[in-house]
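Each remark here refers to the structure printed beneath this line.
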Amino acid sequence: MKIKENKGFSLLELLVVIAVLSLLMAIAIPLLLGFRDKSRMAVFLRAAKESKADLQHWLDDAYNPSGRNLSPLVSVDCGSVTAGELLSVGVATKYAYCRNIVLHEQSPWTGDIPLWIVKNDVTGISSYTGQIVLVHKYNTSNSTWASSVHIYAIGLDGTVLYEDEAKY
């Protein structure tokens, strides 16, 4: 007698495999999306924290010019930056220009808006969600040179996630 060989899978076996795969996907996809958001937040906060050292260095060199090119001394390569240019343009303005235009940095959540914003006061900074706001601070009311730059990393809900200051 010859036994008939079954080839292929039964409908029940296929349904069980589909159910197991669906369950695994339902668990894996939210976990992967959470990792992506966490990595975006980490990159965002790291950029804000690392900017303090660069801004501090640029402020020091702007007020105590030594005639050297600043770009090799900071972690951001913005080409040739001089102390005179920092004083005329502004440290925060030049830094934001360098990061946004030269290095093409954009918000990790929406790639069509710049990561760095420069303001002269803190009013309304909560509206710059997912961006890093640099605020010029002046020693006196008649001074045209910023003596410090405050750094604010604004979260997606408008709260300040990181705040620091680079000052001369």
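Points worth noting:
- Remark: Met41, Met25 ranked as Met25, Met41, counting other beta-carbon atoms within 10 Å and listing the fewest first.
- Scanning residues 5 or more positions from Gly130 or on other chains, those with amide H under 5 Å from its amide H are Ile154, Gly155, Leu156, Gly158, with H placed 1.01 Å from N in the peptide plane.
- Other-chain or far-sequence residues with amide H under 5 Å of Gln106's (modelled H): Leu115
- For the stretch 29-43, the Karplus equation 6.51 cos²θ - 1.76 cosθ + 1.60, evaluated at θ = phi - 60°, returns couplings of 4, x, 5, 5, 5, x, 5, 5, 5, 5, 5, 4, 5, 5, 5 Hz by residue, with Gly and Pro reported as x.
Computed from the coordinates by the stated procedures, all read-outs in this text should not be read as laboratory data. Please read all numbers here as calculations on a predicted model, not as lab measurements. As a convention, Cβ positions derive from the backbone with ideal geometry for all residues, glycine included, and neighbour counts pool all protein chains shown.
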